[in-house]
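The structure appears below as structure tokens.
The values are calculated or read from the model by the stated rules, or taken from the named source; none is laboratory data. Bear in mind the structure is a predicted one, so any value in this text is a computation, not a measurement. Don't worry about glycine lacking a Cβ; one is built from the backbone with ideal geometry, like all the others, and counts go over all protein chains shown. When the accessible area is computed, the model is the full protein with side chains, heavy atoms only, and any ligands, DNA or RNA have been set aside. Shrake-Rupley method; radii C 1.70, N 1.55, O 1.52, S 1.80 Å.
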Amino acid sequence: MHRRQFLQAAASLPFAPAVLSSAALAQAAYPNRNITMIVPFPAGGQADLAARPVALALERVLGKPVIVDNRAGGAGGSIGNAQAARAEADGYTLLMTLSSLAVLPEADRLFDRPVAYEVSQFSPIARVLADPTLLAVPASAPWKTLKDFVEDAKARPGQIPYGSSGPYGTLHIAMEMFAASAGIKLLHVPFRGAGPALTALLSGTVQALASAPGTLKQQVDDGKMRVLANWGAERIASFPDLPTFRELGYKDVEFYIWAGLFGQSALPAPVMTRLREAMAQAVKAPEVTKTFETAGSPVAYLDAPEFSAFVTEDSARLIAAVKKIGKVE
């Protein structure tokens, strides 16, 4: 009896290393196929600006294609965010999104709508960009200063249209934060993303837009737009002469638009480690740093632990802003 038990146990021993070796090989093999990087907005906005050079750099680091997928279904990015949240947690569907990630579920709750996703469904991988928004108007607009804009808005309440990337997206929150502080009423015209909103500003469909420096700089340099104020706490290198809202007397008006890469919360630890390592290399690639610096949005990289803490702190501030603004029409 003892001999038979011994032989049975011995017979099972070779299989254990084989199983462990197979699992280790599967983890080491990541990635072994194409990776999709969802951008929940159309081309031309801050998330798309962050995604494309980073995706190309990640391809070189990981050795597999990283395909940018603009799932611009509107809703301020909520639809694309939700699609990423529902994807398999295997590292093959990533999300490059904006600071509105935490705002949109709160907006759903504010309007008693089904919540499309929760922030807890995501794991931050790396922050890529972080810029204050800027207030832009067409070059043909009559306002030369923020004071001019506010005076006109007070004289014509609800008549100056501004564009956004969608209800309760980053650009909407920034503008309503300013409007509430200035005591003015503007006309909100939502679009399916920052790119279409920027096009609407250039065409004169809307007369104002809050947007990141990287999406505005070329238009301002070409004389097609004018910027009136900066939502940041300090002036920025790409627009050194542009005053902040705080400088102009709006002490509680401060807003940043960041872009970062996320995976699902159940992402396997080895895959998360590989992606963190790859992102640390990708953001240092010369073509990535050059692209962002040329756009006026220098790399603002944070690794996963620091990025996670940043998201928690920034989200709390933005959620508070949403609740203060309330059901803005």
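Overview of values
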quantity: Relative contact order (%) - criterion: Cα under 8 Å, at least six apart; region: the chain; calculated: 25 percent
quantity: Highest-fluctuation residue, Asp90, Asp221, Asp252 considered, GNM on the chain with Cα pairs under 10 Å; calculated: Asp221
quantity: Per-pair calculated FRET efficiency, R0 = 25 Å: Asp152 and Asp222 via Cβ, rounded to 0.05; calculated: 0.50
quantity: FRET efficiency estimate (nearest 0.05) - Cβ-Cβ, Thr289 to Lys251, R0 45 angstrom; calculated: 0.85
quantity: Cβ-defined net charge surrounding Ala141, 15 Å radius [Lys, Arg +1; Asp, Glu -1]; calculated: +2
quantity: Given charges at beta-carbon only (K, R positive; D, E negative), |dipole| of segment 229-329 in Debye; calculated: 240 debye
quantity: Between segment 62-118 and segment 170-195, the alpha-carbon center distance in angstrom; calculated: 22 Å
quantity: For segment 107-121, Karplus couplings with θ = phi - 60° (6.51, -1.76, 1.60), whole Hz, Gly/Pro x; calculated: 5, 4, 5, 4, 9, 6, 9, x, 6, 5, 6, 10, 4, 5, 7
quantity: Potential extension, Glu234-Ala139 segment - 0.36 nm per residue separation minus Cα distance; calculated: 31.8 nm
quantity: Cβ-Cβ FRET estimate between Gln281 and Gln159, R0 fixed at 35 Å, reported to 0.05; calculated: 0.10
quantity: Check: segment 43-101 dipole with +1 on Lys, Arg Cβ and -1 on Asp, Glu Cβ, in debye; calculated: 60 debye
quantity: Rounded to 5, the percent of DSSP beta bridges in the chain classed as antiparallel; calculated: 60 percent
quantity: Helix 46-62 axis, angle to the chain major axis (alpha carbon atoms, nearest 10°); calculated: 30 degrees
quantity: Among (i) 1.10; (ii) 0.99; (iii) 0.96, the entry derived from the coordinates for Rg/Rh (Cα atoms, Kirkwood Rh); calculated: (i)
quantity: Mean separation of Cα contacts under 8 Å, 6 or more apart, over the residue count of segment 43-117: relative contact order %; calculated: 28 percent
quantity: Proximal lysine pairs, segment 98-228, alpha carbons under 23 Å, eight or more residues apart or interchain; calculated: 8
quantity: Calculated from backbone phi, Karplus (6.51, -1.76, 1.60) coupling profile of segment 172-179 in Hz, x at Gly/Pro; calculated: 5, 4, 4, 5, 6, 4, 5, 4
quantity: Nearest-20 debye value, the chain charge dipole, Cβ charges on Lys, Arg, Asp, Glu; calculated: 560 debye
quantity: Helical mean residue ellipticity (222 nm; -39500 (n - 2.57) per DSSP H run of 4+; nearest 500) of the chain; calculated: -14000 deg cm²/dmol
quantity: Highest-MSF residue in the chain out of Leu129, Leu101, Leu202 [GNM, Cα springs under 10 Å]; calculated: Leu202
quantity: Residue with peak Gaussian network fluctuation, the chain [Cα springs, cutoff 10 Å], from Asn32, Asn230, Asn81; calculated: Asn32
quantity: Linear extension gain, Ser203 paired with Glu306, 0.36 nm per residue minus alpha-carbon span; calculated: 33.1 nm
quantity: Whole-number percent relative contact order across segment 165-310, with pairs defined as alpha carbons under 8 Å at least 6 apart; calculated: 20 percent
quantity: Heavy-atom surface of the chain, accessible at 1.4 Å and reported per residue (Å²); calculated: 44 Å²
quantity: 0 to 90° range, to nearest 10: angle between helix 15-28 axis and the chain longest Cα axis; calculated: 20 degrees
